[in-house]
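Structure record follows, encoded as structure tokens.
The values are calculated or read from the model by the stated rules, or taken from the named source; none is laboratory data. What you see is a predicted model, and the numbers here were worked out from it, not measured in a lab. In this analysis, Cβ positions are derived from the backbone assuming ideal geometry, glycine residues included, and neighbour counts consider all displayed protein chains.
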Amino acid sequence: MSIAFTRCGNALHRVVARSAYSPCAARSYSSYVFQENDIVLVQKKTDPSAKKILSKPLRPGKRLNTGLGHIDHESIIGQAPRAILSTESGKGAYRIYRPTLGEYTNLTSRIVTPVYPADANLIVSLLDLNPTVPDPSSSSPSPPLEIFEAGTGHGALTLHLARAIHAANPAPPPLPSRAPSVRSP
């Protein structure tokens, strides 16, 4: 542990620096790697304010076109989020991310206008949903929480509603084991 001093306005503040590998910092990273059919968000490494590019589902043999060349899907598959990849021409370096629900909604190509994340969050909050996780030890299971949404064409509101009620619904029951068929004589 080290101690450093920083100036904030006219006051001097003491900052305690911990190891970069503290348990809290270790949780911010995961062992997730991109797989086939994942959707990836690509952002120029040198210009974070540049337009973000949302890929199609990753498939071998396909390419992601950027303004400075293309990146093969095979080079993305197996990489971890925040990895840096170069275009085949070598003109641009890009960082790859997992898109958030809001980024996915805003960047997906579409024919209809979506319900944008700010509006979807407002709709969900106005529904006043307060789902609780069902108690499996309860003698009378509560019915699943269901919301009927007719659809606006894009599916963004459906994704936000599904995220809001996810905790209230129990896990689906396990599939029954395939019993051998019994033949009568």
Options Pro131, Pro99, Pro57, Pro114: the member that is surrounded by 11 or more Cβ atoms within 10 Å (Cβ to Cβ), part of a loop (DSSP other than H, G, I, E, B) and in contact (Cβ under 8 Å) with a residue 60 or more places away in the chain: Pro99
Among the residues listed as Leu64, Leu68, Leu107, Leu85, the single one being in the same structural domain as His160 (by TED's automatic domain parsing), surrounded by 13 or more Cβ atoms within 10 Å (Cβ to Cβ) and more than 16 Å from Thr158 (Cβ to Cβ): Leu107
Exclusive hit being more than 17 Å from the chain's Cα centre (by Cα), at pLDDT below 85, over 29 Å from Lys51 (Cα atoms) and of a type in the set (A, V, I, L, M, F, W, C), set Leu127, Leu145: Leu145
Scan of region 71-82 for residues that are part of a loop (DSSP other than H, G, I, E, B) and either polar (S, T, N, Q) or surrounded by fewer than 15 Cβ atoms within 10 Å (Cβ to Cβ) (or both), ordered by number: Gly78, Gln79, Ala80, Arg82
Pair list, Cβ under 9 Å, 6 or more apart: region 67-80 residue more than 14 Å from Gln43 (Cα to Cα), other residue β-branched (Val, Ile, Thr) and surrounded by fewer than 16 Cβ atoms within 10 Å (Cβ to Cβ): Ile77/Val33; Gly78/Val33; Gln79/Val33; Ala80/Val33
Subset tally (residues that are in contact (Cβ under 8 Å) with a residue 24 or more places away in the chain and out of contact with any Leu (no Cβ under 9 Å at 6 or more places or on another chain)) for region 118-128: 1
Condition met for Val115 (in contact with a Leu (Cβ under 6 Å, 6 or more places away or on another chain) and not assigned by TED's automatic domain parsing to the domain that holds Lys51): yes
